[in-house]
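Taking it in order: structure first as structure tokens, then the write-up.
Please treat every number below as a calculation from the coordinates, not as lab data. What you see is a predicted model; the values in this text were computed from it and never measured. Glycine gets a Cβ as well: all are built from the backbone with ideal geometry, and neighbour counts include every protein chain shown.
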Amino acid sequence: MPDEEPTYPVAPDELARFGELGREMSTLAVLRHARIAEQMGLSGTDHKALDLASRAGGPLTAGRIAQLTGLSTGAVTGVIDRLERAGFVRRVRDTEDRRKVLIEILPLDEERYAPLFVSAMDATENVLRRFTPEQREVIERYQRDLIEAMRADLLGEVP
């Protein structure tokens with residue numbers, strides 16, 4: 001068995017505190033991104049589906065977008081329709097299998113949308129300044145591990 005990282009007990013009150021912090025952070029993130037999405041002419045779901053799809057590289061099938069987002073293929077079809085109408089994606093034929101339709105993520109107009117994210121980046125920088133580089137490494141590890149666990153949970157995988 002490969003070397004596993006040590007684990008430590010987590011007291012119920014500590015788990016509750018972290019759970020509450022995560023819940024509040026999630027709520028605020030959803031509200032922030034709903035506001036950003038609205039300013040981009042999208043719904044919150046469409047905005048985050050676009051974000052996940054663009055991070056995965058592309059072009060992607062609708063099925064892969066459904067996998068990444070945890071949405072049904074029917075819901076993804078609607079998301080793709082709306083993103084295509086808004087000019088964020090386009091449907092293209094697979095060059096190797098003309099029967100297959102791929103979703104190509106179009107380049108984002110960074111200059112147009114960057115101002116929507118400035119306050120979030122400023123807040124992140126101001127908070128990070130309060131921690132040493134070593135503390136930031138621990139925070140980053142915590143966030144990466146939590147993201148991995150949440151992604152596995154969403155996709156029904158074992159972390």
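Observations, loosely collected:
- For region 78-95, Karplus couplings with θ = phi - 60° (6.51, -1.76, 1.60), whole Hz, Gly/Pro x: x, 4, 4, 4, 5, 5, 5, 4, 7, x, 9, 9, 8, 8, 9, 7, 5, 5
- By the equivalent-ellipsoid construction on the alpha carbon gyration tensor, region 17-108 comes out with semi-axes of 28, 15, 10 Å, ordered largest to smallest.
- Most fluctuating residue given options Gly44, Gly22, Gly57, as computed from a GNM of the chain linking Cα atoms under 10 Å: Gly22
- Percent RCO, i.e. relative contact order, over the chain, from Cα pairs under 8 Å lying at least 6 residues apart: 16 percent
- The magnitude of the dipole of the chain, with charges of +1 and -1 set on the Cβ of Lys/Arg and Asp/Glu and taken from the Cα centre, is near 820 debye.
- Across the chain, the longest piece that holds none of the trypsin sites (Lys or Arg not before Pro) lying in DSSP loops with up to 15 other C-beta atoms within 10 Å covers 1-97.
- Acute angle (nearest 10 degrees) that the helix 12-40 long axis makes with the longest principal axis of the chain, alpha-carbon atoms: 30 degrees
- Candidates Ala53, Ala62, Ala114: whichever shows maximal mean-square fluctuation once the chain is modelled as a Gaussian network with Cα springs under 10 Å: Ala114
- Exposed loop sites here are GluC sites (Glu not before Pro) assigned a DSSP state other than H, G, I, E or B and surrounded by at most 14 other beta carbons within 10 Å; excluding them, the longest clear run of the chain is 5-95.
- Along each principal axis, Cα extent of the chain, largest first, Å: 54, 44, 26
- Gaussian network model of the chain, Cα within-10 Å springs - most flexible of Asp51, Asp145, Asp81: Asp145
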